[in-house]
Amino acid sequence: MPGPLKPELSQAVLEELARVYGDELPSVLKALATPGRRYYLRVNTLKASREEVVKRLREKGLDVRADESLPEAIYLPVEGPFKLPEAEKTVIVDKFAAESAMMGSHIYVPGVRSFRGVRRGDEVLVLSDRGQPVAFGVARMDEQELLKARRGLAVEVLRPLYRVPPMRELEEFRLGLIYPQSLPAMLTAHVLDPRPGELVVDMTCGPGGKLSHICQLTANRARVLAFDRSRHKVRETCEVLARLGCEAAVLRADSRYLDVDYPFLVGRADRVLVDPPCSALGVLPKLYDLKSAKELASLAEYQRQFLKVAAKLARPGGVVVYSVCTMTVQECEGAVAFAEQLGLEVEEQPLYLASRGLPGLVRKAELLQRFHPHLHGSGYFIARLRKP
């Protein structure tokens, strides 16, 4: 059985990871190019019980299992790595398409970078744009067709490095009974712990995973306001809510200015979720990440702008939850240290499924929660904060 690919990382990313992991860095690097052993789904209990959904999926021949920790979480074991067949022709795809194909997704036109000499029906080896082999498949277009097309299936993947069933093609997905979501992302809504009747603000809601979970946990009985600056993400979020039967007000806005644009929210929110854009180093599998030190620092500064506004929106005694799918100190404990300067206080989370925070920057770092790629199958950080 082949070993996992080695991810290509910039010096800046390597230095940030070394700061966190020290002697464990080789194990972390190996884990980065490997998907977690479990592929998670959230059962939408607004529409069906976990038992009902597990039964339906097992009747389809899927090896679905109930998670031991969260009552709405189910998972399928991830199979692989597999040896890829040889092929005379290659198709080169972008990073997102490569990492998706590595898990069994087909290749569509927008993700293709090179289709040179390929004809419909050819067997092809799919490579990332850094030359890493990720899948074997069959071309469903000619090169000339692809050059003229703006969308459509370019390569049907027959043999990926790893395999999970195409859950988004199932009737259960279409009916809104399941939502693909990682375990740490599901845990985040539980750490927020929204209650019926409360005013809950999701500052960066797209594409709607955590937002729909908030609606689910409160049985649509909370007052939920959700914001995103991207028109596309707002549209996508509304589609997710409709499919899952969730009720929330979704507005297009730059959440860094909610205190100015929506002054009635200041000091009113019972719960605020801050899940801002981040370096995403914990999203696996990862073939490469070439971010510079300047880019990493810019992301950390960007995240602080959301925290600054969240501290204003929360009422006295209100809860702010900060989460990012990465592991850098500046985006994790560094962000919490900034939140402490704003007057927010770290408090214990209702449930811990991973490791605790790193000591040094934050008071009560042991109350923070970290997922590590080599230990937990993903990289993630959660902080629960309270406004005095």
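Quick check on my filter: what residues within region 269-284 are crowded, with 16+ Cβ neighbours inside 10 Å and not hydrophobic (A, V, I, L, M, F, W, C)?
ASP270, ARG271, ASP275, PRO276, SER279, GLY282
Looking only at residues in region 360-374 that are outside any loop (DSSP other than H, G, I, E, B) and touching a residue at least 24 places away in the same chain (Cβ under 8 Å), which one is most open to solvent (accessible area, probe 1.4 Å)?
HIS374
When you scan region 319-359, how many residues do you find that are touching a residue at least 60 places away in the same chain (Cβ under 8 Å) and touching a Gly at 6+ places or on another chain (Cβ under 9 Å)?
Counting residues in region 319-359 that are touching a residue at least 60 places away in the same chain (Cβ under 8 Å) and touching a Gly at 6+ places or on another chain (Cβ under 9 Å) gives 4.
Within region 347-356, is even one residue under 23 Å from PRO184 (Cβ atoms) and open to solvent by less than 10 Å² (accessible area, probe 1.4 Å)?
yes
Within region 125-157, can you find the residues that are of a type in the set (Lys, Arg) and touching a Phe, Trp or Tyr at 6+ places or on another chain (Cβ under 8 Å)?
Answer for region 125-157, where residues must be of a type in the set (Lys, Arg) and touching a Phe, Trp or Tyr at 6+ places or on another chain (Cβ under 8 Å): ARG130, ARG151.
Checking the structure you have, find out if any residue of region 317-330 is assigned to a loop (DSSP other than H, G, I, E, B), closer than 30 Å to ARG223 by Cα and open to solvent by 20 Å² or more (accessible area, probe 1.4 Å).
Looking only at region 317-330, we keep the residues that are assigned to a loop (DSSP other than H, G, I, E, B), and these are 325-330.
Still in the running and closer than 30 Å to ARG223 by Cα: 325-326.
Next, only the ones that are open to solvent by 20 Å² or more (accessible area, probe 1.4 Å) stay: 325.
Looking for residues that are assigned to a loop (DSSP other than H, G, I, E, B), closer than 30 Å to ARG223 by Cα and open to solvent by 20 Å² or more (accessible area, probe 1.4 Å), one finds at least one in region 317-330, hence yes.
Residue pairs, Cβ under 7 Å, 6 or more apart or interchain, first in region 51-63 and in contact (Cβ under 8 Å) with a residue 60 or more places away in the chain, second open to solvent by less than 100 Å² (accessible area, probe 1.4 Å) and assigned to a helix (DSSP H, G or I). List them.
VAL53/GLU172; ARG56/GLU172; LEU57/GLU172
Looking only at region 116-126, count every residue that is surrounded by 20 or more Cβ atoms within 10 Å (Cβ to Cβ) and either under 23 Å from the mean Cα position of the chain (by Cα) or more than 14 Å from LEU158 (Cα to Cα) (or both) and tell me the total.
Adding up the residues that qualify gives 1.
For region 132-223, which helices (runs of 4 or more DSSP H) that fit wholly inside it have 1 or more residues that are free of Cβ contacts under 8 Å to residues at least 24 places away in the same chain?
On the way: elements: 143-148, 171-174, 183-192, 209-217.
Here the list reads 143-148, 171-174.
When residues of region 35-50 are filtered for being closer than 17 Å to PRO77 by Cα and either free of Cβ contacts under 8 Å to residues at least 40 places away in the same chain or β-branched (Val, Ile, Thr) (or both), how many remain?
Residues of region 35-50 that are closer than 17 Å to PRO77 by Cα, as a first pass: 35-43.
The next check asks that each one be either free of Cβ contacts under 8 Å to residues at least 40 places away in the same chain or β-branched (Val, Ile, Thr) (or both); those that pass are 43.
Residues meeting the conditions: 1.
Scan the helices (runs of 4 or more DSSP H) fully inside region 1-103 and keep the ones with 3 or more residues being surrounded by fewer than 15 Cβ atoms within 10 Å (Cβ to Cβ) and at pLDDT 95 or above.
Values: elements: 11-21, 25-32, 50-59, 95-101.
The qualifying helices (runs of 4 or more DSSP H) are 11-21, 50-59.
Keeping to region 226-268, report how many residues are assigned to a strand (DSSP E or B), in contact with a helix residue (DSSP H, G or I) (Cβ under 6 Å, 6 or more places away or on another chain) and open to solvent by 40 Å² or more (accessible area, probe 1.4 Å).
The number of residues fulfilling the criteria is 1.
Based on this model, can you work out whether GLU340 counts as within 28 Å of LEU29 (Cβ to Cβ) and not in a loop (DSSP other than H, G, I, E, B)?
no
Is it fair to say VAL191 is open to solvent by less than 30 Å² (accessible area, probe 1.4 Å), over 24 Å from ASP261 (Cα atoms) and among the hydrophobic types (A, V, I, L, M, F, W, C)? Talk me through it step by step, then tell me what you get.
On the way: open to solvent by less than 30 Å² (accessible area, probe 1.4 Å): yes; over 24 Å from ASP261 (Cα atoms): yes; among the hydrophobic types (A, V, I, L, M, F, W, C): yes.
Taking the combined requirement at face value, the residue satisfies it.
Out of the residues in region 285-316 meeting the condition of being of a type in the set (Phe, Trp, Tyr) and in a helix (DSSP H, G or I), tell me which one is most open to solvent (accessible area, probe 1.4 Å).
Taking the candidates together, the pick is TYR302.
Of (1) in contact with a Cys (Cβ under 7 Å, 6 or more places away or on another chain); (2) under 30 Å from VAL134 (Cβ atoms); (3) in contact (Cβ under 8 Å) with a residue 60 or more places away in the chain, LEU299 satisfies all except one. Which?
All conditions are met except number (3).
The values are calculated or read from the model by the stated rules, or taken from the named source; none is laboratory data. Note that the structure is a prediction, hence the values are computed from the model and not measured. Note: ideal-geometry Cβ built from the backbone for every residue, glycine included; neighbour counts use all protein chains shown. These area figures cover heavy atoms from the full protein model, side chains too; ligands, DNA and RNA do not enter into them. Shrake-Rupley method; radii C 1.70, N 1.55, O 1.52, S 1.80 Å.
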